[in-house]
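Please read the structure below before turning to the comments.
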């Protein structure tokens, strides 16, 4: 399986990719089944760099190469461990979820090679997946000229994927009301949360609820509103 937990790095990847940077990926071993085919070979923290002699250049490609065989077939896996290249020949077995899919008894995740370190210090009260979109916007703003929001008071929420997709979160009404109380005039709402955001105690006449499905949507809307706060943008409702 492929695990991709939230981190500030994901926000940086989304911002960089919107700016045209490809951001190289690393396919990492995050867990090894104790009784699986890889138990005596692979370790947590190994970087998978090759499958059957083919260099792994992305997580998607690496997983596809691992699965390009029948369960029971062998696969040659090369990893980078402690700076050294190591090679193993492993026997695949049927996935417990789908017997047609070959597996080698590991969980994998994606890591990224960033051109800089990412550190966003906002205290303990702000963070987690729902801050991903705002973090990505802050990084995008830092890497581009001028101010993305001008003099506006902007709030928002939404988890974000490395490809820039903004995903839904919980507690949207409470977040919008809290932003209103704090004086925000614009709130970025994940597209999947728009209908819910208009309910409860939310007064949409006091705050512009911008509908965003991607990081690019958010950047475009903020750029328009920064030039003209009364301009029309895609909103909830």
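The values are calculated or read from the model by the stated rules, or taken from the named source; none is laboratory data. In this text the structure is predicted, and so the values were computed from the model without any measurement. All Cβ positions, glycine included, derive from the backbone under ideal geometry; neighbour counts span all protein chains shown.
Overview of results
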{"item": "Residue 169 being farther than 25 Å from residue 110 by Cα and either surrounded by 15 or more Cβ atoms within 10 Å (Cβ to Cβ) or touching a residue at least 24 places away in the same chain (Cβ under 8 Å) (or both)", "result": "no"}
{"item": "Residue match in segment 111-118 (condition: closer than 20 Å to residue 234 by Cβ and either in the same structural domain as residue 29 (by TED's automatic domain parsing) or touching a strand residue (DSSP E or B) at 6+ places or on another chain (Cβ under 9 Å) (or both))", "result": "no"}
{"item": "The listed residue being assigned to a loop (DSSP other than H, G, I, E, B) and either at pLDDT 95 or above or farther than 21 Å from residue 226 by Cβ (or both), out of 127, 150", "result": "127"}
{"item": "Segment 182-215: number of residues that are in a helix (DSSP H, G or I) and out of contact with any helix residue (DSSP H, G or I) (no Cβ under 6 Å at 6 or more places or on another chain)", "result": "4"}
{"item": "Residue 37 being surrounded by fewer than 16 Cβ atoms within 10 Å (Cβ to Cβ), modelled with pLDDT of 95 or more and in contact with a strand residue (DSSP E or B) (Cβ under 9 Å, 6 or more places away or on another chain)", "result": "no"}
